[in-house]
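*Asks:* Before I ask anything, let me first share the structure, which is written out below as structure tokens.
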Amino acid sequence: MQSLNEIRVAGFGGQGVILSAIVIGKAASIVEGNFATMTQNFGPEARGGACSAQVILSNSPVLYPYVTHPDVLVVMSQEAYLRFAPELKPGGILLIEQDLVRIKGLSPAETRVYGIPATRIAEQIGKRMVLNVVMTGFFGAITGLISREALRKAVEDSVPSSFRELNLKAFDSGYDYGLQHLESGALEASEFEEVTVRE
Amino acid sequence: MSSVAIPQNPVEPFLRSERMPHIWCPGCGIGTTVNCFTRALLDSKADLTKLAIVSGIGCTGRVAGYTNLDSFHTTHGRAIPFATGLKLANPELNVVVYSGDGDLFAIGGNHLIHAARRNVNLKVICVNNLIYAMTGGQTAPTTPGDVITSTAPYGTYDPAFNLPYLVEAAGAVYVARWTTFHVRQLAKSMAEMFQKKGFGFIEVLSPCPTLYQRRNKMGDGLDAMKFYKQVSKIKHGAPTSEVALSKSGEIVVGKFVDRERPEYIGTMNTYLEQQLGERYVEPHTLSDDGGCSGGELEVISCNR
Amino acid sequence: MHADPQGVLTGAHFLDGDHAACEGAIAAGARFAAGYPITPSTEVVERFAMRAPTVGGTFIQMEDELAASITIQGAVWGGVKAFTVTSGPGFSLMMEHIGYAAMTETPCVFINVQRGGPSTGLPTLPAQADMMQVRWGSHGDYEIIALCPNSPQECFDLTIKAFNFSEQYRVPVFVMLDEVVGHMTEKVIIPPAEEIEIEPRHFTKKAPKDFRLYEPEANQVPDMVKAGDGYNIHVTGLTHDQRGYPDMTPPMQDVLVKRLQSKILDNADKICLFEKENVEGADVVVVSYGITSRVAQRAVDQAREKGVKVGKLRLITAWPFPERVISEIAPTIKGFVVPELNLGQMVREVERCAGGKTRTVRVSHAGGTVHNPESILNAILEVAR
């Protein structure tokens, strides 16, 4: 792990943005024994609109709690993309729900972009609501910041027991999709123009 | 010389005689209500060790300080939430709230209606002298219209609360009203209320000769007794909507409400036990060594 | 005495500060809470509402904060450890009952998750602007204890400490979170129960006839009883004698109010917790607390990279104010730098205790977010110059 990694997860309220950030933070700090600090936005926007959570991963205790220029941005809605993409660090990683986000005005040379049809995958698995866990698996495979086992354990610990299997399946699907994508490399800008936005 | 045995006043053991004389004025009715209270305790053979009394601020608020019980003189208006905490933490206590109309219905009005709504097992005795007496005779939410007070020098025009009506609507299971003229009925009513489970309420009309009566040329304490005798009408079961008070009109007294509703602590325990099954652990107080015990280890999901 | 193992969730958890504070309260033996919902503190009681019925505890949601802050005191006299939780406007409503707890020597804990004010202000955003209110908010002279955690782990640890202090000194104790600390989620290690030190309630061993409710023991603190034990106690917010009976005279006021003060101030050295780092030989010392101490650390590190000799004093106990450590450092440095999320509160205390022996520079912030570390760095560089 690098000494500092700042991650922002964003989407609209109800997509499970916060849980996604909790899983990442828990995997890094509780399971792997490093340090993680998670913060989230509160208020009406947390129940709709652009909801976001931030996680800072580090080998030493985290001091400053907020993320201003994330190394990794995970977005699951167009609104969240428009709001947070400009803050992404040059050379950072952008992970998108490719059916819900249309990329505009980003320089692909500086940003590595990876897309996943997380909602469709979640629906195939059986429940649309696990798209956040699909995204989390995808995040794990693409970034390699946290081990697959640690993330998987954190998913297990963070969801109600009756949904455990479903969520692990979602996680594995996202992770495997990510591994395949990693081999084919980041997307080019031209690849996004054809994407339809299903918001 | 033979000594003459002075018979002990039967209410003496209930009072902190070292604190006498009390602060109440000649002709004030609060002492009369305390007398009735002690008689009610005698009659109901209550375990005094398990009886606690909580007062707010005001002339009636001083009652707690004169009773030889676990007694709490709290802040203005907050006797009921204090009593709620006391009762919930230690359900074997019988908790009586003894306070005045201003304390319970103005500054403390919100707490009163919510305790009645929950049906917490508290017994509220409200001495209503129709005025703020401790601070010098200002208008209270119980002061009838056309009455001179120190803050209504030309007379009152604020509408007053009808206490039994309000308390019944909020959920009390026992509601009665008496005056300090009706000492037997009052003591009996108190004893009856103590037997009842849930939020009970007795309003006691009580004279304030120093401030209310003097300013309104209504005579002294004795005149008040005559007035109560003259205008009171016992109407048990009267609809509380019809028992509002006025300056010189009829005073309807009696037991207005006596009904059953699930009491708060019992409901809480039963409901939680039902929901949680074996995971439910009933509350308890600290042991003599200051520690707490009980409670199952339960591993819960760490966050939301 | 050790914590009751059955209330302690031993292990590593990923918890936010609010939830960690709740676990601290349960570990400390609290079995009663009353609250009224208010952002950003509600999560504390939400968790307690979930946990209480499984550990022999009771939660009641009251009609307002006035009620919540006195209901817990009724519960304490009923024989449990109790706390309430609030923020912003709710804390303003609780002021009278801080005074009541101080006057009646009712051990209880208030958790205040600070948000921006005045009035409704910034419900979801941080501030550290209740620091003077917690000390002076109720009328009259009295002392309280206030602790300032800077992480979810400390929310757990210091809430236990708060309960322990409250029982030890029979005083209301405040855990002063800020929104950032309350809402940030980090690893929290909950140790095994036998490693958690708990101060039990000091119930008297005396018989009712020999017992006086407010007769101070050697440490100036009287022993307690609970209602229903046959002591026929009288508790009042009026000035009272050792029996608890009202005695509203200047001599009694003098004895009582001075003891309420001295039982805390005479023990200040035991109550004042702080973290001192590289203070010896420093030119500048940054004094901070709560979330600001973490932000300040970044500025301190940057200043050191520039060769500035800068030390750090983190206040864990804000009240009683650690006068001694400030006055000892003052003559040895060029100046204090005091960043806080308010327009100048604890800095006044630093300045007072510095007694003119060194500069005190405030780095104020109206709240809503944390400092930009650069603003603190600039103040450090200016003082070091």
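The values are calculated or read from the model by the stated rules, or taken from the named source; none is laboratory data. The shown structure was predicted, so the numbers you read here are calculated from the model rather than taken from an experiment. Note that we place each Cβ from the backbone using ideal geometry, even for glycine, and neighbour counts take in every protein chain shown. The area values use the complete protein model at the heavy-atom level, side chains included, leaving out ligands, DNA and RNA. Shrake-Rupley method; radii C 1.70, N 1.55, O 1.52, S 1.80 Å.
*Asks:* Going by Cα centres, region C:69-132 and region B:84-124 are how many Å apart?
*Replies:* Here the two parts' Cα centres lie 21 Å apart.
*Asks:* Given a 1.4 angstrom probe, what's the average accessible area per residue across region C:5-195, in square angstrom?
*Replies:* 20
*Asks:* If you don't mind, there's one more thing I want to ask. Once you sort the root eigenvalues of the Cα gyration tensor of chain A as a ≥ b ≥ c, which label holds: rounded (a/c under 1.5), prolate (a/b larger than b/c) or oblate (the other case)?
*Replies:* Here chain A falls in the rounded category.
*Asks:* Another question, then. Which of the listed residues, A:Ala154, A:Asn34, A:Ile103, is farthest toward the dipole's positive end in region A:4-192, when Lys, Arg count +1 and Asp, Glu count -1 at the beta-carbon?
*Replies:* Checking the options against the dipole of region A:4-192, the answer is A:Ala154.
*Asks:* Taking only protein heavy atoms into account and a 1.4 Å probe, give the accessible area per residue of region C:197-324 in Å².
*Replies:* Accessible area per residue: 42 Å².
*Asks:* Putting +1 on Lys and Arg Cβ atoms and -1 on Asp and Glu Cβ atoms, find which of B:Thr180, B:Asn121, B:Asn68 reaches farthest to the positive end of the dipole of chain B.
*Replies:* So the residue furthest toward the plus end is B:Thr180.
*Asks:* What accessible area per residue comes out for region B:80-218, rounded to a whole number of Å², with a 1.4 Å probe?
*Replies:* 32
*Asks:* Loop only per DSSP, at most 13 neighbouring Cβ atoms within 10 Å: give me the GluC sites (Glu not before Pro) in region C:237-326, ordered by residue number.
*Replies:* In loop regions of region C:237-326 (DSSP not H, G, I, E or B), the sparsely surrounded GluC sites (Glu not before Pro) are C:Glu280.
*Asks:* Could you give the angle, 0 to 90 degrees to the nearest 10, between helix B:79-89's Cα long axis and the longest principal axis of the Cα atoms of chain B?
*Replies:* Result, in degrees: 30.
*Asks:* In region C:5-195, what percentage of the DSSP-assigned beta bridges are antiparallel, given to the nearest 5?
*Replies:* Taking every DSSP beta bridge within region C:5-195, about 30 percent pair in antiparallel fashion.
*Asks:* May I pose another question? Based on the alpha-carbon gyration tensor of region C:88-209 and its eigenvalue square roots a ≥ b ≥ c, which shape applies: rounded if a/c is under 1.5, prolate if not and a/b is larger than b/c, or oblate?
*Replies:* Note, shape of region C:88-209 comes out oblate.
*Asks:* In whole Å, what is the distance between the alpha-carbon centres of region C:213-248 and region A:116-155?
*Replies:* First find each Cα centre; the distance between them is then 61 Å.
*Asks:* Could you tell me which of the pairs B:Lys123/B:Lys196; B:Lys45/C:Lys206; C:Lys334/C:Lys357; A:Lys127/A:Lys169; B:Lys123/B:Lys229 are separated by over 18 angstrom between their Cα atoms in the structure shown?
*Replies:* B:Lys45/C:Lys206; B:Lys123/B:Lys229
*Asks:* List every residue whose amide H lies under 5 Å from the amide H of C:Val235, counting only residues 5 or more places away in sequence or on a different chain, with H placed 1.01 Å from N in the peptide plane.
*Replies:* The answer is B:Ser71, B:Phe72, B:His73.
*Asks:* Label the protein assembly as shown by shape, choosing from rounded, prolate and oblate, from the square roots a ≥ b ≥ c of the eigenvalues of the Cα gyration tensor; if a/c is under 1.5 it is rounded, and otherwise prolate applies when a/b is larger than b/c, oblate when it is not.
*Replies:* Prolate, since a/c reaches 1.5 and a/b exceeds b/c.
*Asks:* Need one number: the % of Cα-Cα pairs in region C:274-384 sitting beyond the 15 Å mark.
*Replies:* The share of Cα pairs beyond 15 Å in region C:274-384 comes to 56 percent.
*Asks:* Report, as an integer, the average count of C-beta atoms from other chains found within 10 Å of each Cβ along C:13-20.
*Replies:* The shielding value for this peptide is 5.
*Asks:* Per residue of the protein assembly as shown, what 222 nm ellipticity follows from adding -39500 (n - 2.57) for every DSSP H run with n ≥ 4, rounded to the nearest 500?
*Replies:* -10000 deg cm²/dmol
*Asks:* Also, I was wondering about something else. Ignore the peptide's own chain and count Cβ atoms of other chains within 10 Å of each Cβ in B:273-283; give me the average, rounded.
*Replies:* Per residue, the number of nearby Cβ atoms from other chains is 3 on average.
*Asks:* Evaluate the distance, in nm, between pseudo-label points positioned 7 Å from the Cα of B:Cys25 and of C:Phe274 along their respective Cα→Cβ axes.
*Replies:* 5.6
*Asks:* Ok, one more. Hey, got the dipole for region C:5-195? About the Cα centre, +1 on K and R Cβ, -1 on D and E Cβ, debye to the nearest 20?
*Replies:* It works out to roughly 220 debye.
*Asks:* Which loop trypsin sites (Lys or Arg not before Pro) in region B:1-92, with loop taken from DSSP, have no more than 15 other Cβ atoms within 10 angstrom of their Cβ?
*Replies:* Passing both the DSSP loop test and the Cβ count: B:Lys45.
*Asks:* With a 1.4 Å probe, how much accessible area is buried between chains C and B, both sides summed, in Å² to the nearest hundred?
*Replies:* Using a 1.4 Å probe on protein heavy atoms, the buried area is about 5000 Å².
*Asks:* Same structure, new question: Summing +1 for each Lys or Arg and -1 for each Asp or Glu, what net charge is found among the other residues whose Cβ lies under 12 Å from the Cβ of A:Tyr175?
*Replies:* The answer is 0.
*Asks:* Using only Cα atoms, tell me the angle between helix B:183-195 and the longest principal axis of chain B; keep it within 0 to 90° and round to the nearest 10.
*Replies:* The angle comes out near 10 degrees.
*Asks:* Projected onto the charge dipole of the protein assembly as shown (+1 at Lys/Arg Cβ, -1 at Asp/Glu Cβ, origin at the Cα centre), which of A:Leu82, A:Leu19, B:Gly27 gives the Cα projection farthest towards the positive end?
*Replies:* Projecting each Cα onto the dipole axis, the largest value belongs to B:Gly27.
*Asks:* Counting DSSP beta bridges in the protein assembly as shown, what percent are antiparallel, to the nearest 5?
*Replies:* If we restrict to bridges inside the protein assembly as shown, about 35 percent are antiparallel.
*Asks:* With a cut-off of at most 14 other beta carbons within 10 Å, and DSSP calling the residue loop, which chymotrypsin sites (Phe, Trp or Tyr not before Pro) in region C:1-99 qualify? Please list them.
*Replies:* When the chymotrypsin sites (Phe, Trp or Tyr not before Pro) of region C:1-99 are filtered for loop state and at most 14 Cβ neighbours within 10 Å, nothing remains.
*Asks:* Which order do the peptides A:21-30, C:156-165 take when ranked by the mean count of other beta-carbon atoms within 10 Å per residue, highest first?
*Replies:* Ranked by mean Cβ neighbours within 10 Å, highest first: A:21-30, C:156-165.
*Asks:* Report, to the nearest whole %, how much of the accessible area of the protein assembly as shown belongs to carbon and sulfur atoms, 1.4 Å probe, protein only.
*Replies:* That share works out to 52 percent.
*Asks:* Let me ask something else about it. Report the longest stretch of chain B that contains none of the GluC sites (Glu not before Pro) sitting in a DSSP loop with at most 16 other Cβ atoms within 10 Å.
*Replies:* Longest gap between qualifying sites, sites excluded: B:93-249.
*Asks:* Of the beta bridges DSSP finds with both residues in region B:12-265, what % are antiparallel, to the nearest 5?
*Replies:* 20
*Asks:* Only Lys, Arg, Asp and Glu count, each charged at its Cβ (+1, +1, -1, -1), so figure out the dipole size of the protein assembly as shown about its Cα centre, rounded to 20 debye.
*Replies:* In total the dipole reaches around 2360 debye.
*Asks:* Now for a different question. I need the calculated FRET efficiency for the pair C:Lys334 and A:Ser60, taking r as the beta carbon distance and R₀ as 25 Å, to the nearest 0.05.
*Replies:* FRET efficiency, C:Lys334 to A:Ser60: 0.30.
*Asks:* Build a GNM of chain B with springs between Cα atoms under 10 Å: which of B:Ser44, B:Ser206, B:Ser287 gets the top mean-square fluctuation?
*Replies:* Checking each option, the largest mean-square fluctuation is seen for B:Ser287.
*Asks:* Once you average over the residues of C:36-47, how many Cβ atoms of partner chains fall within 10 Å of each Cβ?
*Replies:* 1
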